[in-house]
1. Only residues that are open to solvent by 10 Å² or more (accessible area, probe 1.4 Å) and over 20 Å from K205 (Cα atoms): list them for segment 217-233, please.
2. For segment 112-120, indicate whether the set of residues that are in contact (Cβ under 8 Å) with a residue 40 or more places away in the chain, touching a Leu at 6+ places or on another chain (Cβ under 9 Å) and open to solvent by 20 Å² or more (accessible area, probe 1.4 Å) is non-empty.
3. Filter segment 250-303 down to the residues that are of a type outside the set (A, V, I, L, M), in contact with a strand residue (DSSP E or B) (Cβ under 6 Å, 6 or more places away or on another chain) and in a helix (DSSP H, G or I), then identify the one that is farthest from I139 (Cα to Cα).
4. Find the residue count for segment 162-195, including only residues that are buried (at least 17 other Cβ atoms within 10 Å of the Cβ), in contact (Cβ under 8 Å) with a residue 60 or more places away in the chain and farther than 19 Å from H129 by Cβ.
5. On the given criteria, is I139 open to solvent by 30 Å² or more (accessible area, probe 1.4 Å) and either among the aliphatic types (A, V, I, L, M) or in contact (Cβ under 8 Å) with a residue 12 or more places away in the chain (or both)?
6. For segment 261-282, give me each residue that is over 24 Å from Q204 (Cβ atoms) and either in contact (Cβ under 8 Å) with a residue 12 or more places away in the chain or surrounded by 14 or more Cβ atoms within 10 Å (Cβ to Cβ) (or both).
7. Residues that are among the acidic types (D, E) and more than 22 Å from Y240 (Cβ to Cβ): which helices (runs of 4 or more DSSP H) entirely in segment 27-132 hold 2 or more of them?
Amino acid sequence: MAFIVPALRRLSHHMQSAALWSVIGILRGVGPERASNAGGWLMRRVGMKLPATRVADQNLQRALPELAADARQQIIQDVWTNLGRNVTELPHLASFTRSEVGPGWEIEGEEHIAALQAQGRQALFFSGHLGNWELILPIAASLGVPVAGFYRASSNPAIEGATQKMRQKALGSTGTMFPKGPKGARQALTHLQNGGSLGFLVDQKMNDGLAIPFLGREAMTAPAVAQLALRFNLPIIPVYIVRLGEGRFRMVCEAPLQAERTGDRHADIRSICVAMNETLERWIRDRPGAWLWLHRRWPKEPVALSAV
C-alpha cells in the first residue's frame, strides 16, 4: 500500500497542472488588458482579507509614519492590485514587446545600456519588486543584453513547471535564469566569467548579510552585488519597472551607481550596499503602491552590524 500515496500525489500534480494550463489558456484568450484587469480586481478583493495585509500595514506605519490610516489602506490595495495584475500578465509575458502605445513596454535611460554595449562591457543590474519585475530580463534580452537572473523554485511542481515555461518563452533562446542556492550561484559565477551580466532583486527578506539602513530601519542586505562588482570591477546599474496601465510598462535604467571605492574591501562593500538601499528607498517613496510591502523585510528586533 505504500506506493499508493506517491501515486495519488503524482495524480494530484497532473490534475493541478491540467487545471492550471486551462486557466492560462483562458487568460491568453482574453488578451493582456482584460487578463490584467481581472487579476488586479480579484487579488485586491481577496488580498485585503489576508494576514499579509496586516504585515503591510505594520511595515507602512514604521517606514512612512506620516501616512494616515486611509492612505495606508489605499497603498495596500494598490499593492494587491499590482500583484494580481503581475500574476495574470504572466501568460502574456512573451507577447509584451517594445511599442508606442497599448500592451507592451518602453524604456527610459537606454543610453546607459547603449554605453555598455558600445564598450563591450558587462554589468551587474539590480532592482526590486516594483511594477512587473518579471519583465526586466525579457526586456534586457530584447535589447541584446545577456543578463541572467535568479528564481526561487515553487514547492508546487505544477506551478513551478508552468511558471518557468512562461518565463523561458519570454526570455527566448538567449535568456537564462538560475535557481537560488549553491548550484545556481556556481552557474551564475560561470556565466559572469564567460562575459555575461547578472541581474538581482535585492529587496527581499534575509536572515543573514549586512545590517544596512532601509526606509528608516536596519534590514539584512545581501552583499553579493557589491562583492562581485569589486571582484570583477563591474559597474552596477539600477533598473526598475513602472506600471503605466494594464499590460503597459516603462523600464527605467539609471546611470551606474555611484559609491566610493577606496580599496578598503569591507568599507567599500558596505558603501555599495548603502547606495543600493538608498536607491530602492527613493523608488519606493516615489511610488509606494508599486512595491511589495507584504513580506517581513525587517527583523522583529534591532540587529547588530555584521562583518563582511
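The values are calculated or read from the model by the stated rules, or taken from the named source; none is laboratory data. Just so it is clear, the model here is predicted, and its values are computed rather than measured. When we count neighbours, we look across all protein chains shown, and the Cβ atoms used for this are built from the backbone with ideal geometry, even at glycine. What goes into the accessible areas is simple: the full protein's heavy atoms, side chains included, and nothing from ligands, DNA or RNA. Shrake-Rupley method; radii C 1.70, N 1.55, O 1.52, S 1.80 Å.
1. Our first condition is that a residue be open to solvent by 10 Å² or more (accessible area, probe 1.4 Å); within segment 217-233, this holds for 217-218, 220, 222-224, 227-228, 230-233.
The answer is L228, L230, R231, F232, N233.
2. Taking segment 112-120 and keeping what is in contact (Cβ under 8 Å) with a residue 40 or more places away in the chain, we get 112-113, 116.
Then drop every residue that is not touching a Leu at 6+ places or on another chain (Cβ under 9 Å), which leaves 113.
In the following step, the residues that additionally are open to solvent by 20 Å² or more (accessible area, probe 1.4 Å) were identified as none.
Scanning segment 112-120 turns up no residue that is in contact (Cβ under 8 Å) with a residue 40 or more places away in the chain, touching a Leu at 6+ places or on another chain (Cβ under 9 Å) and open to solvent by 20 Å² or more (accessible area, probe 1.4 Å).
3. Selected residue: C273.
4. 2
5. Numbers: open to solvent by 30 Å² or more (accessible area, probe 1.4 Å): no; either among the aliphatic types (A, V, I, L, M) or in contact (Cβ under 8 Å) with a residue 12 or more places away in the chain (or both): yes.
Answer is no for this residue.
6. Taking segment 261-282 and keeping what is over 24 Å from Q204 (Cβ atoms), we get 261-265, 267.
Scanning segment 261-282 gives R261, R265.
7. Hits in segment 27-132: none.
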